[in-house]
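Okay, structure first, notes after.
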Amino acid sequence: MAHIHIPKPWGTPEREVTPEAIFLNRRRALKGLIGAGLSIACPSIVGCLSRSDSKSASAAGADLMKFESLQRNRAFAKVDRPITDEALAAKYNNFYEFGGSKSISEKAQALPTENWKVEVTGLVRNPRTYDLDDIRKKFPLEERVYRFRCVEAWAMVVPWTGFPMNLLIKEVKPLSEAKFVRFASYYNPKITKGPGFSLSRLPWPYTESLRIEEMANELAFFAVGIYGHELPKQHGAPIREVIPWKYGFKGAKSIVKIEFLNHQPATFWNTLQPNEYGFEANVNPNKPHPRWSQATERMIGPGPAFSWKRRPTLPYNGYAEYVAELYG
Ligand SMILES: Nc1nc2c(c(=O)[nH]1)N[C@H]1C(S)=C(S)[C@@H](COP(=O)(O)O)O[C@H]1N2
Ligand SMILES: [Mo]
């Protein structure tokens, strides 16, 4: 991969930084396993997960596993704004399955994540159902600090733990007819009751979709963790998409199914409001939402939302150098 950036001194604060020498040795040792990537601490997650002693600040007392000796991928640490406070990000969420407000973090604890399975199906040579252990063994995990931008104009910067989607593509080998991929979130109307108001006929399950070329881009990511530990349920445990150059709704949470298709599928928000939630949904300061400007964004912070620091919205959320070529 050609994109190796020297991190800027104003880059994000480093948590639990591994001394450079150890990092380099480990890299050398793993080189044979991981090919050209420069990122990976644990060839598999085995031996790298530990049950945290302290309760997480984030998830209604949930006890979250920590990723030990995880390496931050420095190629993606160049973010010119501070990492969002973990406890604030964990209490300001969108997860319509558990309600229509931002305060769903406690309700989301009802999501049953035991024995989670992800079915990969459709137009692929190797269809497969993975459990979380399979995923952890198969795909080397790394940490990436990404900007994140909701279509509602709030934004954050968070360190995700996970692996690039192109590793899954290599495993399952989409057929040449496959042009799109669709991600479906967990849905069980007894548990994911949805927002109480109106809209009783929402197009559940929550689904999202990408073109295959978008999925293959090096930025497209499956996250299994955030802030160095497994995902709390409100952030989309145990596995979600993270597509940093698109609005947040493109990243389905709590994925149970990944399907390769020859056509563009209907998706949740695009079905409800196609003029507000386009299929492509690339972050674009010059393309206003029908109901508000997208020129600036509010970084999640303390206090009421109107007081949060405003920043200019960046084209492709600051990732044009990686993705602009996808859009000719
Ligand atoms: N299944 C599901 N995934 C979802 C959503 C949702 O309601 N349901 N909301 C989306 C939207 S609009 C955003 S901005 C992000 C929010 O992610 P966060 O709560 O982890 O910050 O999740 C996205 N993924
Ligand atoms: Mo969003």
Can you tell me how the range 181-328 classifies by the Cα gyration tensor, rounded, prolate or oblate, using a/c under 1.5 as the rounded cut?
rounded
Taking R0 as 25 Å and r as the Cβ-Cβ distance between Lys287 and Glu321, the FRET efficiency 1/(1 + (r/R0)^6), rounded to the nearest 0.05, comes to 0.80
In whole Hz and in residue order, list the ³J(HN,Hα) couplings for the range 162-173 that follow from phi through the Karplus curve 6.51 cos²θ - 1.76 cosθ + 1.60, θ = phi - 60°; x for Gly and Pro.
x, 8, x, 4, 5, 5, 5, 4, 5, 6, 8, 6
By how many nm would the segment from Lys117 to Lys173 grow when fully extended, if each residue of separation counts as 0.36 nm and the alpha-carbon distance is taken off?
18.2 nm
Cα gyration tensor, the range 254-325 - rounded (a/c under 1.5), prolate or oblate
prolate
Can you list residues whose amide H is under 5 Å from Leu49's amide H, if they're 5+ apart or on another chain and H is modeled 1.01 Å from N?
Glu68
With r defined as the distance between the Cβ atoms of Ala266 and Ser50 and R0 fixed at 45 Å, what FRET efficiency is calculated, to the nearest 0.05?
0.60
Please state the charge dipole magnitude for the range 92-160, taken about the Cα centre, from unit charges on C-beta atoms (+1 on K and R, -1 on D and E), reported in debye and rounded to the nearest 20.
280
Name the long-range amide H neighbours of Val120: under 5 Å, sequence gap of 5 or more, or other chain; modelled H, no Pro or chain starts.
Arg128, Thr129, Tyr130, Ile258
Express in nm, to one decimal, how much length is gained between Asp133 and Lys78 on full extension, taking 0.36 nm for each residue of separation and deducting their alpha carbon distance.
16.7 nm
Segment Arg125-Arg311, length gained on full extension (0.36 nm per residue, minus Cα span):
62.5 nm
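We did not get these values from a lab; they are worked out from the coordinates using the rules stated. Keep in mind it's a predicted model, so treat the numbers as computed, not measured. A quick note on method: Cβ atoms are made from the backbone with ideal geometry, for glycine too, and the neighbour counts reach across all protein chains shown.
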